[in-house]
Amino acid sequence: MKMSVVQMVKIVGLGAVALTLSVEWLDWLFCRLWPRKISRGPLKEVYFFPTEVACTERLFTPDSPFPCPCPLPHNVNTSFTRLLGHILSASSSLDLCVFAFTNLDLSRAVLALHTRGIPIRILTDMEYTLITGSQIGVIRRAGICVRCDSGAVHMHHKFAVVDGRRLITGSLNWTLTAIQSNKENILVTEEPDLVLPFITEFQRLWDVNDPARRHLPSIAEKTASLVL
């Protein structure tokens, strides 16, 4: 028995509908089983201060089975906890260039990275290592390499580069007053065009403030000593 054209069209149409539904169902199933990450481009985040005061203990001891007994709010996401999270995320390096450093939580984060074996370099202002509460002495005693800019003007930078790819920069000094009282800001980004100039500038300042280099005699001094 020959199939009419109308019947053929109906069968083809039903087959197309069935195929479409099958593809959509498979796509739904695939997405449920293997969720796809949405690409949003390089990381770009902005945080403002002062920040709400909240407990930070869970960032340092995420696997602890015991609740923190302190009276501060817990499990609160603030500008400061996000900053701490970015610092503690370092897995290969941390380069820090900061004017004033007195905050105990940020010092604890740097020391925690050092304990994990993460290479750390810190550049800071010579004069501000002497202020009350400066953490630079604590950090140096732990064995972390610190270099001071002892020039005639202040080393006023406030930036960090995490793992050579994540930049944290802004007006924020690493002090309790800046975090809890001042109107401040930080930008966190992995945009290469923004990160690379800071890497270059850090290395330049690191080399310029090498203590061994500062104490090397100049060519003129060497010549004078030979003449004498």
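Return a yes/no flag: does the stretch 54-65 have any residue that is in contact (Cβ under 8 Å) with a residue 40 or more places away in the chain, within 17 Å of A178 (Cβ to Cβ) and part of a loop (DSSP other than H, G, I, E, B). Looking for residues that are in contact (Cβ under 8 Å) with a residue 40 or more places away in the chain, within 17 Å of A178 (Cβ to Cβ) and part of a loop (DSSP other than H, G, I, E, B), one finds at least one in the stretch 54-65, hence yes. Scanning the stretch 51-107 for residues that are farther than 24 Å from P119 by Cβ and of a type in the set (G, A, S) turns up A54, S64, S79.
Check whether at least one residue in the stretch 30-46 is open to solvent by less than 100 Å² (accessible area, probe 1.4 Å), among the hydrophobic types (A, V, I, L, M, F, W, C) and at pLDDT 95 or above, and report yes or no. The answer is yes, given that some residue of the stretch 30-46 is open to solvent by less than 100 Å² (accessible area, probe 1.4 Å), among the hydrophobic types (A, V, I, L, M, F, W, C) and at pLDDT 95 or above.
Residues I118, I136: which one is surrounded by 19 or more Cβ atoms within 10 Å (Cβ to Cβ) and modelled with pLDDT of 95 or more? Explain how you work it out, then say what you get.
On the way: I118 fails: surrounded by 19 or more Cβ atoms within 10 Å (Cβ to Cβ).
Just a single option satisfies the conditions, and that option is I136.
Note on the stretch 62-93: residues that are within 18 Å of V110 (Cα to Cα) and open to solvent by 50 Å² or more (accessible area, probe 1.4 Å) total 5.
This table checks each residue for (1) more than 17 Å from the chain's Cα centre (by Cα); (2) open to solvent by 60 Å² or more (accessible area, probe 1.4 Å).
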{"site": "G143", "(1), (2)": "yes, no"}
{"site": "C148", "(1), (2)": "yes, no"}
{"site": "G151", "(1), (2)": "yes, no"}
{"site": "H154", "(1), (2)": "yes, yes"}
{"site": "G170", "(1), (2)": "no, no"}
{"site": "L176", "(1), (2)": "yes, yes"}
{"site": "K183", "(1), (2)": "yes, yes"}
{"site": "P197", "(1), (2)": "no, yes"}
{"site": "V208", "(1), (2)": "yes, yes"}
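Taking (1) surrounded by 13 or more Cβ atoms within 10 Å (Cβ to Cβ); (2) more than 18 Å from I179 (Cα to Cα); (3) more than 19 Å from the chain's Cα centre (by Cα) in turn, L130 satisfies each apart from (1). Out of all the residues in the stretch 95-113, is one or more loosely packed, with under 13 Cβ neighbours inside 10 Å and not hydrophobic (A, V, I, L, M, F, W, C)? Within the stretch 95-113, none of the residues are loosely packed, with under 13 Cβ neighbours inside 10 Å and not hydrophobic (A, V, I, L, M, F, W, C).
The values are calculated or read from the model by the stated rules, or taken from the named source; none is laboratory data. What you see is a predicted model; the values in this text were computed from it and never measured. Note that we place each Cβ from the backbone using ideal geometry, even for glycine, and neighbour counts take in every protein chain shown. What goes into the accessible areas is simple: the full protein's heavy atoms, side chains included, and nothing from ligands, DNA or RNA. Shrake-Rupley method; radii C 1.70, N 1.55, O 1.52, S 1.80 Å.
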